Structure formats: structure tokens, C-alpha cells
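A short write-up of the structure that comes next.
Taken together, the values in this text are just the output of simple stated rules run on the coordinates, not laboratory data. Small disclaimer: the values here were computed from a predicted structure and weren't measured. Cβ sites come from the backbone with ideal geometry, for glycine too, and all protein chains shown count toward neighbours.
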């Protein structure tokens, strides 16, 4: 099973990716985790990514694409994977399509989790309090949600047009949400 898990910040992508990973016996691959691993271990890709993050800049798509491609080529991903946080824009969709064609592993589904804006704001406010995350100010949260709506939400239409989209309400009991995803994936 090769899946994308999509949705705005705070919708529960990481939680559901972990549960799906366990259910299907495939790795949940978070782009944030890949970046942190490569930077911590000072890989060539990590050093390149860090040269941008040290300046407070976003890592360019070209570097992000190479990091994702490198991760998908690892042995534990041979029988499937769940990508969380990638692709984030149309250029990354095209790059992912090319990667998958090159390695001969088509995408099965994109799972889109949905939740009301106010629910997301409240979830992230609580997370900021619980985890002491200084970067989760109401303004920063609102900006990240706006970027998602502007750049990533339109990708859902791409996967819908390809008949690869599974949409699930991300609000409610975690186990019930997971069961609904598994049911829809067949």
C-alpha cells in the first residue's frame, strides 16, 4: 500500500499515519522527520537542507524532492509507505509522479483528513500549551493554515480527478476515524 496522508495542520495526520503504518506494516514517512534525521546525521542532503534552514528559509522543492526520493528508496519502503507532509504543492506532485514512475511503484491512494478551521485552531492551541511550542502562536497557526489552503488544499482536486482520493472527517474518536480510513481503502 502506497499512501499520501493530507490535510491541514492539527487535523491528525501524524496520528493516523502511525496507526495506518501499524495496520499495514509499512513505514509512515514524515518529511519533517526525514529532514531532522538527515540534518542530525549530517548527511550530504542534510547539510544542504540545513544551509537553508539556518538562514530561516524554506528548503527548496528540488532538495525536498531528493530527500523524499532517497527515503522511498530505502529497504523498509519497498513494500509500501505512507507519506505525511509531502507533496505540498503542484510542483512536488509532479516530482512525486516522476519518482514513482522511475522506481515503478504507483501511488494507491491519497487520504484527505478534514476538519473545521475553528476545531484546528483549538487543537493547535491546546498542543502548543501541552508541548510548550513557542512557534504555535495564534498568528503563526493561522498563517500555516492559510498557506495550506493556498498551496496544498488544491492538490486534493488532483487526486480526486485521478480517482485516488479518500476523504475522511478528522474530528471524532481516533480509532473510529482510523477504522473509517481502513474501510474506505478496502
Which FRET efficiency value, to the nearest 0.05, is calculated for residue 1 and residue 142 with the Förster distance at 30 angstrom and r the Cβ-Cβ distance?
0.30
Let me have the 222 nm mean residue ellipticity of the chain computed from DSSP H runs of 4+ only, each contributing -39500 (n - 2.57), with the sum over all residues rounded to the nearest 500.
-17000 deg cm²/dmol
Grab the Cα-Cα distance for residue 41 and residue 176, subtract it from 0.36 nm times how many residues apart they are, and report the gain in nm with one decimal.
44.9 nm
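Hey, can you rank 146-157, 82-93 by average C-beta count inside 10 Å, highest first? Intermediate values should be presented prior to the final figure.
Values: 146-157: 14.6, 82-93: 20.5.
Answer by packing, highest mean first, reads 82-93, 146-157.
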Would you mind calculating the relative contact order of the chain from Cα pairs under 8 angstrom and at least 6 residues apart, reporting the percent as a whole number?
32 percent
